[in-house]
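In what follows, a single structure is set out as structure tokens and then discussed.
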Amino acid sequence: MTNGQNERREMTGAEMVVQALKDNGVKHVFGYPGGAVLPIYDEIFQQDEVEHILVRHEQGAGHAAEGYARSTGKAGVLLVTSGPGATNAVTPLQDALMDSIPLVCLTGQVPTSLIGSDAFQECDTVGITRPCTKHNWLVKDVNDLAATIHEAFHVATTGRPGPVVVDIPKDVQFAKGIYVPPQTAPRTSYQPKVQGDLEKVKAAVELMAGAKKPIIYSGGGVINSGPEASHLLRELVDLTGFPITSTLMGLGAYPASGKNWVGMLGMHGTYEANMAMHDCDVMICIGARFDDRITGRLNAFSPNSKKIHIDIDPSSINKNVHADIGILGDVGRVLEDLVRLWRATAKTDKKALYPWWEQIAKWRARDSLAYKMNSDVIMPQYAIQRLYALTKDMDTYITTEVGQHQMWAAQHYHFDKPNRWMTSGGLGTMGYGLPAALGVQIAHPDALVIDIAGDASVQMTMQEMSSAVQYEAPIKIFILNNQYMGMVRQWQQLLHGNRLSHSYTEAMPDFVKLAEAYGGHGIRCDKPDELDDAIREMISVKKPVLFDCRVATLANCFPMIPSGKAHNEMLLPDEATDEAVANAIDAKGRELV
Amino acid sequence: MNAQLQPTGSAYFIAKETEKPESHTLSVLVDNEPGVLARVIGLFSGRGYNIESLTVSETEHEKHLSRITIVTRGTPHVMEQIKHQLERIVPVHRVVDLTVRSHELGQERPLERELALVKVAGTGDARVEALRLADAFRASVIDANTEHFIFEITGKGSKLDQFIAIMKPLGLVEICRTGVAAMNRGPQGM
Ligand SMILES: Cc1ncc(C[n+]2csc(CCOP(=O)(O)OP(=O)(O)O)c2C)c(N)n1
Ligand SMILES: [Mg+2]
């Protein structure tokens, strides 16, 4: 992406930063100024190719950049000052690390001569962010700056994507040096393997061809690999006729309306998905990592299956679960080979899968996502179903906070495309969804961007409503307000004798007034029969909206695999009496999270 | 088929360990740049792996390469994880489990050597005995006056342990050990 005029010019470090952003195709930066980044802000002021989005808290910048990245497939960029600016960015960095989101975080630092002197707003940024980044750099020489930023983009976006930090002392921003354009020769110690071993792919095809009870289990890696990977995944499913489930992070890679879809798996996944995982004879894990929310009790996880695991990260293969065939490579590339080899060598015998599909139909008939409707009170599941019904035909992107509402969103909002679903999976960060929605909206100004929120989570980063108003980003914050930290309350009911220690919010703000105070639009609804109109109003308002959707306060999120239990020991909604809930987890399971 | 393994990255499933932990020696070739050792050490502490010995020094100045030798303990599965986790670190070029490699070469273990400086103070019989034993261990005297010796001794860790134990009653003052340097036998590099 070089253009001739940038070839090796002399410029200041601050100029280099902006030039490097342009040369790496950056259009938007989320940030917050401060003493240690003022030279860079001065450069930003003097150009208009890179647009800076001013947030209200650096955590907001990070999550906005994550939403931007997840919804576009490009790196998200944030710019923060030294000390508190950098430490405020730590949560989104760790969040991006766990969900493999490409972020480039530029931090200001005190001048090199003051490093180590406990100077004002000094912190050991590379030390603090070392464990929560894929890699980080402290740039002490202006002549290394451009190359370092280019490398930062390369590392963040290739291999298993992740967050990186470039820490830039203030004197380096003022110093003059030679700018070098992005280079194609990356460092020799960093060369992710993208092409899978063909022999192993062959072995996988063979194993799959002989399967009687197969299941495809796909994850966020398919989305990270790009739209082509999702396309190939669909092709593979069509070719093989296999059932497919997905993790929370992978929703949308295979369409929820597809006929082989059995729903999300894991702790709050569908009964049919988890039972199929448990009883399958061949499991094909594509770009997922056998996380503990997925496997349930490990020593009872899918006991009779052979497992194929495709992943770009060698440390993911054989980490939690033994892979009979582990294929290291980019999911998209491996799927390409897999599809090609399947076409060439395997004969699809869809009839042989009939008994398996029949069994799955029986599990599906348990209707594990069912809930009791209520005509006086809005059930949270109903709210999501209505939201889905009224927005599914639009250009919609969904983000979430963390809690019950997040799981209900995953269960009842259905995704037919990748990159439409932004949620904090690995870290489970409350406060993610609102700023993430801002980031998505900045990337897709004309889309309908909705944060399905919880009343507690949304208060953690509420200040970004102000940013949304400033940038006329009409994000819709759809709060399932149950007055509780519902997920915490549910666990207290499950594990702690229903003693609801500090999970009730005594002093809830008036979200409608709050919306108005920010210059947005507030809506409140507490009647099921008024919900549709209220949602339509939310969609039609061209402003940021806080929608206070008052839902049943004590609803629990089912189905659920209680901690320490196996896939075939799910707690189903129709069996979840108070007694069953109170006794669902035994003493051993209590230690688990 | 029982396909389950002990997860290392998660505190959530505290399952019983079935494989036996064993000592392994790893060689890690890294770019010699600021923070690289912190990355390696941080990985071990952050993921709960232990370090029994750590040695690091630049080995190829022109290429800015350093070689880190780590002795650690773990089950075969944990060792595989440690290796892959190390490989993920951007400035890491190569990771070789010398112990596994030596088994592949039909050997019991890689070549491992450690150096120690051992200061012993005393007079009379103890002093004579210390010098006699040092000789038997092929330790050399690198500093001395009438009241003390500093011995330099090189060898396997167990030999150093033994030498130090013997010196204890003879006026042992202080010890400094380098940690293990190791490579595999035979003509091939790592
Ligand atoms: C930053 C942070 N702190 C604490 C938690 C633990 N936690 C998980 S869910 C939850 C409650 C969320 O409540 P709310 O946003 O109202 O969602 P609900 O479960 O009621 O839908 C809490 C406190 C967390 N995930 N993140
Ligand atoms: Mg709540």
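Using +1 on the beta carbon of Lys and Arg, -1 on that of Asp and Glu, and nothing else charged, what's the dipole of the range B:111-183 about the Cα centre, debye to 20? Dipole of the range B:111-183, to the nearest 20 debye: 180 debye. Ellipticity at 222 nm from helices only: DSSP H runs of n ≥ 4 in chain B, each -39500 (n - 2.57), divided by the residue count, give -9000 deg cm²/dmol. For the range A:307-434, relative contact order (Cα pairs under 8 Å, six or more residues apart, normalised by length) works out to 16 percent. Take the alpha carbon gyration tensor of the range A:16-140, find the square roots of its eigenvalues, order them as a ≥ b ≥ c, and report rounded if a/c is under 1.5; if not, report prolate when a/b exceeds b/c, else oblate. Since a/c reaches 1.5 but b/c is at least a/b, the shape of the range A:16-140 is classed as oblate. Restricting the range A:439-539 to GluC sites (Glu not before Pro) that sit in a DSSP loop and have at most 12 other Cβ atoms within 10 Å of their own Cβ leaves A:E472, A:E506. Loop-resident GluC sites (Glu not before Pro) (DSSP state other than H, G, I, E or B) in the range B:60-150 with no more than 16 further Cβ atoms inside 10 Å of their Cβ: B:E62, B:E108, B:E147.
Relative to the present Cα-Cα distance, how much length would full extension add between A:F120 and A:K527 at 0.36 nm per residue of separation? Contour length minus the Cα-Cα distance gives 141.2 nm. When the GluC sites (Glu not before Pro) in the range A:1-104 are filtered for DSSP coil states and for at most 15 other beta-carbon atoms within 10 Å of their beta-carbon, the remaining sites are A:E7, A:E49. Here the spin labels are modelled as points 7 Å beyond Cα on the Cα-Cβ line, and at A:K22 and A:Q195 they lie 3.7 nm apart. Working note: 222 nm ellipticity from helices only, DSSP H runs with n ≥ 4, each -39,500 (n - 2.57), summed and divided by the residues of chain A, gives -10500 deg cm²/dmol to the nearest 500. How many percent of the alpha carbon pairs in the range B:111-183 exceed a separation of 15 Å? When every Cα pair of the range B:111-183 is considered, 47 percent fall beyond 15 Å. Exposure proxy shown here: for A:C549, A:C132, A:C280, the number of other Cβ atoms within 10 Å sets the order, fewest to most, as A:C132, A:C280, A:C549. Among beta bridges from DSSP that stay inside chain A, the antiparallel ones total about 10%. Mind checking which aspartates and glutamates have their C-alpha under 18 Å from A:K213, skipping anything on the same chain fewer than 8 residues away? Hits, sequence-local ones excluded: A:D238, A:E272, A:D279, A:D281, A:D324, A:D349, A:E358. A Förster radius of 30 Å, combined with the Cβ-Cβ distance separating B:H148 from B:R113, puts the computed FRET efficiency at roughly 0.75. Between the residues A:N481, A:G428, A:A566, the greatest Cα displacement towards the positive end of the dipole of chain A, with unit charges on the Cβ of Lys, Arg, Asp and Glu, is found for A:A566.
Candidate cross-link partners of B:K156 among the lysines, defined by an alpha-carbon separation under 22 Å and a same-chain spacing of 8 or more, comprise B:K119, B:K168. Spin-label pair A:R590-B:K156: with each label point 7 Å from Cα along the Cα-Cβ axis, the two points sit 5.0 nm from one another.
Per-residue Cβ neighbour counts within 10 Å put A:S189, A:S246, A:S82 in the sequence A:S189, A:S82, A:S246, beginning with the fewest.
Rounded to the nearest 20, the Cβ-based charge dipole of the range A:485-593 about its Cα centre (Lys and Arg +1, Asp and Glu -1) stands at 440 debye.
Considering the range A:274-416 at the alpha-carbon level, its Rg and Dmax are found to be 18.9, 58 Å. Partners of A:K372 within straight-line reach, counting lysines whose Cα lies under 28 Å from its Cα and excluding those fewer than 8 residues away in the same chain: A:K259, A:K362, A:K392, A:K476, A:K527, A:K565.
Contact order, relative form, for the range A:120-271: 16 percent (alpha carbon pairs under 8 Å, 6 or more residues apart, mean separation divided by residue count). Mean separation of Cα pairs under 8 Å and 6 or more residues apart, divided by the residue count, gives chain A a relative contact order of 14 percent. Quick check on chain A: take the gyration tensor over C-alpha atoms, sort the square-rooted eigenvalues as a ≥ b ≥ c, and tell me if it's rounded (a/c under 1.5), prolate or oblate. Because a/c hits 1.5 or more and a/b fails to exceed b/c, chain A counts as oblate.
Kindly identify the range A:92-198 as rounded, prolate or oblate by the Cα gyration tensor criterion: order the square roots of the eigenvalues as a ≥ b ≥ c, call it rounded if a/c is under 1.5, otherwise compare a/b with b/c, prolate if a/b is larger, else oblate. Oblate shape, in that a/c is at least 1.5 and b/c is the bigger or equal ratio. About its Cα centre, the range B:22-105 has a charge dipole of approximately 200 debye under the convention of +1 per Lys or Arg Cβ and -1 per Asp or Glu Cβ, with nothing else charged. Comparing A:I178, A:V164, A:T148 along the charge dipole axis of the range A:141-187, the residue lying farthest to the positive side is A:V164, per the Cβ-charge model. Think of chain A as having a plus end and a minus end, set by charges on the Cβ of Lys, Arg, Asp and Glu; of A:W491, A:F30, A:Q121, A:W491 sits farthest toward the positive end of this dipole.
Counted without the sites themselves, the longest stretch of chain A free of trypsin sites (Lys or Arg not before Pro) in a DSSP loop having at most 12 other beta carbon atoms within 10 Å is A:9-211. Sorted from fewest to most neighbouring beta carbons within 10 Å, what does the list A:W363, A:W356 look like? Lowest to highest Cβ neighbour count: A:W363, A:W356.
Readers should treat all values here as calculations from the given coordinates under stated rules, not as data from a laboratory. Given the structure is predicted, the values throughout are model-derived calculations rather than measurements. So basically every Cβ, Gly included, is an ideal-geometry build from the backbone, and we count neighbours across all protein chains shown.
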